[in-house]
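Chemist: Take a look at the following structure, please.
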Amino acid sequence: MVSVHRPTRGYRVFQGVNGVILTLVVVVTLYPFVNIIARSFSGERHIRAGEVTLWPQGFNLTTYEIVFQDSMFWRNYGNTVLYTVVSTVVAMVLTTCYAYVLSKKHLKGRSALVGIAVFTMFFTGGLIPNYVLITSLGMKNTIWALAIPNAISVFNLLVMKAFFESLPTELEEAAQIDGLNTYGTLLRIVLPLSKAVVATMVLFYSVSFWNSWFGAFLYMDKAELMPATVYLRNLIAGATTGGNAGAGTEQLSQAAANIQAVTIVLTSLPILCVYPFVQRYFVSGVMLGAVKG
């Protein structure tokens, strides 16, 4: 007969305490977002009175109507999707190639290349030199002003480097014996085995580019080129004239109490829809990439 070991009393207590703590963490995490959604559908008077908690009070769609009826919003939203996709692709290509190179311990000058990457984590050229550089290169009012300067995150680079170093070297040696060159080994052997870390990096980059607004605010001076984050920033700031947004100031003043809630919902919703598809890779990708420092 197979003996069944019952969990000890201490283990059951641990499970109970762990469950309570995790439940509290979930509640604390979800409450602010549920509250923001409720505020976005609530009336101004109820928001100012602090009556909104988890359920909308004085149901109101004024701000949503203002935003959705503006054609500039949809154009800017399309810009955001385009900027996010292109920038993420550029960032993934450059980060993957750089990380794969740095993972080779026999590479001459490897320490210098790692040092250059780490140096940029702590020191930058500054706002004005960056602006002058982007302008002099002719990238102002182009997608490249957003994609190129932020193409490589050093944190993501180091995580991918550590992941590539954890892969067995025998796999690449076997690929070389079969006649694959460096690019063939990376594309046909390494990347298929790196789905977890690649999906994690795609999530990191896409969230970063989607939420980014300052680069566009700095390098884009045409309303039709702005991403949705800048449109919504201008909406909050009340800069709704001059083509930045088509809604009237009087309407916005009537809906001022829930403008911030609406903007948070509109910018967060697409990421929340994408996250479940890559969540299963998230933990394994970060943990595997962090095994080696």
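No lab work stands behind these numbers, since they all come straight from the coordinates. Computed from a predicted structure; not experimentally measured. In this analysis, Cβ positions are derived from the backbone assuming ideal geometry, glycine residues included, and neighbour counts consider all displayed protein chains.
Chemist: Compare G126, G138, G43 in a GNM of the chain, Cα atoms joined below 10 Å, and give the one with the largest fluctuation.
Modeler: Highest fluctuation of the listed residues: G126.
Chemist: Just the number, please: Stokes-Einstein D of the range 113-186 in µm²/s, Kirkwood Rh from C-alpha pairs, 25 °C, 0.890 mPa s.
Modeler: D = 159 µm²/s.
Chemist: Now, a different point. Only Cα pairs within less than 10 Å get springs; with that Gaussian network setup on the chain, which residue of V28, V90, V81 has the largest fluctuation?
Modeler: Taking springs between Cα atoms under 10 Å, the residue moving most is V28.
Chemist: Counting other C-beta atoms within 10 Å, which of L232, L269 has the fewest, and how do the rest follow?
Modeler: L269, L232
Chemist: Quickly work out the N141-to-L218 label distance, labels modelled 7 Å from Cα along the C-beta direction, and quote it in nm with one decimal.
Modeler: Result for the modelled spin labels: 2.0 nm.
Chemist: Another question, if that's okay. Let me have the 222 nm mean residue ellipticity of the chain computed from DSSP H runs of 4+ only, each contributing -39500 (n - 2.57), with the sum over all residues rounded to the nearest 500.
Modeler: It comes out at -21500 deg cm²/dmol, rounded to the nearest 500.
Chemist: Could I ask something else about it? Name the most mobile residue of R110, R75, R233, meaning the one with the largest mean-square fluctuation, in a Gaussian network model of the chain with Cα contacts below 10 Å.
Modeler: Looking only at R110, R75, R233, the largest GNM fluctuation is found for R110.
Chemist: Now, a different point. Can you list, bin by bin at 5 Å, the percent of alpha carbon pairs in the range 1-60, starting at 0?
Modeler: 4, 17, 14, 11, 9, 9, 8, 7, 6, 5, 4, 2, 2, 1
Chemist: On a 0 to 90° scale, report how tilted helix 195-211 is relative to the longest principal axis of the chain, with both axes built from alpha carbons and the result rounded to the nearest 10.
Modeler: Roughly 30 degrees, rounded to the nearest 10.
Chemist: Another question about this same structure. Where does the range 163-217 land on Rg/Rh, using Cα atoms and the Kirkwood Rh?
Modeler: Values: Rg = 16.1 Å, Rh = 13.2 Å.
Expressed as Rg/Rh, it is 1.21.
Chemist: Next question, about the same structure. I need to check one value: relative contact order of the chain, counting alpha carbon pairs closer than 8 Å and at least 6 residues apart, in percent. It would help to have the intermediate numbers written out before the result.
Modeler: Values: 296 pairs, mean separation 85.4, N = 293.
With pairs under 8 Å counted, the relative contact order is 29 percent.
Chemist: So, one more: At what distance in nm do the modelled label points of C97 and F155 sit from each other, each positioned 7 Å from its Cα along Cα→Cβ?
Modeler: 2.5 nm
Chemist: List the lysines whose alpha-carbon lies under 18 Å from that of K222, not counting same-chain residues fewer than 8 positions away?
Modeler: The qualifying lysines are K140.
Chemist: Further question on the same structure: By how many degrees, 0 to 90 and rounded to 10, does the Cα axis of helix 228-237 deviate from the longest principal axis of the chain?
Modeler: Rounded to the nearest ten degrees, it is 40.
Chemist: Relative to the first principal axis of the alpha-carbon coordinates of the chain, what is the inclination of helix 110-122, with its axis defined by its Cα atoms, in degrees from 0 to 90 and to the nearest 10?
Modeler: Roughly 20 degrees, rounded to the nearest 10.
Chemist: Sorted from fewest to most neighbouring beta carbons within 10 Å, what does the list Y31, Y100 look like?
Modeler: Starting with the residue having the fewest Cβ neighbours, the order is Y31, Y100.
Chemist: Related question: Averaging the inverse of every distinct alpha carbon separation and then flipping it gives the Kirkwood radius. What is it for the chain, in angstrom units?
Modeler: For the chain, inverting the mean 1/r across all distinct Cα pairs yields 22.7 Å.
Chemist: Would you list M121, M139 from fewest to most Cβ contacts within 10 Å?
Modeler: Working: M121 12, M139 17.
The order, fewest Cβ neighbours first, is M121, M139.
Chemist: Below 8 Å between Cα atoms, with a sequence gap of 6+, how large is the relative contact order for the range 1-60 in percent?
Modeler: 26 percent
Chemist: Moving on to the next point. Relative contact order for the range 71-219 using alpha-carbon pairs under 8 Å, separation at least 6, rounded to a whole percent?
Modeler: It rounds to 41 percent for the range 71-219.
Chemist: Using 0.36 nm times the number of residues separating L113 and L133, minus their current alpha carbon distance, what extension gain do you get? Please report the intermediate quantities before stating the final value.
Modeler: Numbers: separation 20, 0.36 × 20 = 7.20 nm, distance 2.27 nm.
Taking 0.36 nm per residue and subtracting the Cα distance, the gain is 4.9 nm.
Chemist: May I pose another question? Please list 185-197, 144-156 highest first by mean number of surrounding beta-carbon atoms within 10 Å per residue.
Modeler: Highest mean packing first, the order is 144-156, 185-197.
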